[in-house]
Amino acid sequence: MVRILVTLVIYLISIIGYGQSNDAQMSKPLDESNYKVDVEINRIVSDNGIVYFGLYDSQDNFINRKPLKVLRKKVENNSVKVIFQNLKPGIYAVSCYHDANNNGEMDFENNGMPLEDYGATNNIMNYGPPRFEDAKFELKNKDLTFEIKF
């Protein structure tokens, strides 16, 4: 009789433990979710070419042009829209340029001035290329949308 009672108690303890571990898994915090960032550009000067977008997750990668993800899209009706998906919460920045002549690179004049339009999230334009500090944003608990202006 004691053996049956001990076995029953062990069985009940294991069922209670299993139920508690399932409850813990079901109540995971939302910050473990994946989010998306929509980026759009309107009023592009021409429908020629492609717009390249780079998503960066650090200042070093931004400076060294090592994007976490790259998307490109053909310009249609003077606008483009891309979606960076499956992103973890964190600090990011997006920069982009319009490759109007479709040669796969951003073109510059001899003095270093860009011949093609470019921009970054937050639309802070300084002399020179965009900076991570100006373009960065925090992806925390919801999807985000940005409109970049050339």
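Nothing in this text is a laboratory measurement; each read-out follows from the coordinates by a stated rule. Remember, it's a predicted structure, so these values are computed and weren't measured experimentally. Please note: Cβ atoms are built from the backbone with ideal geometry, for glycine as well, and neighbour counts cover all protein chains shown.
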Dipole check, the range 32-147, charges on Cβ (K,R +1; D,E -1), about Cα centroid: among Asn48, Tyr97, Asn34 the Cα furthest to the positive pole belongs to Asn34
Set the Förster distance to 30 Å, then compute FRET efficiency between Ile50 and Gln85 from the Cβ-Cβ distance, nearest 0.05. 0.95
With θ taken as phi - 60° and the coefficients 6.51, -1.76 and 1.60, list the Karplus ³J(HN,Hα) couplings across the range 110-124 in order, rounded to whole Hz; mark glycine and proline as x. 4, 8, x, 6, x, 8, 10, 5, 8, x, 8, 4, 6, 6, 8
Under 21 Å from Lys73, Cα to Cα: lysines that are on another chain or at least 8 residues apart: Lys36, Lys81, Lys149
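For the range 32-147, count the residues as N, evaluate 2.2 N^0.38 Å, and divide the Cα radius of gyration by that value, please.
1.05
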For the range 99-150, rounded, prolate or oblate, judged on the Cα gyration tensor with a ≥ b ≥ c (square roots of eigenvalues), a/c < 1.5 rounded, else prolate if a/b > b/c? prolate
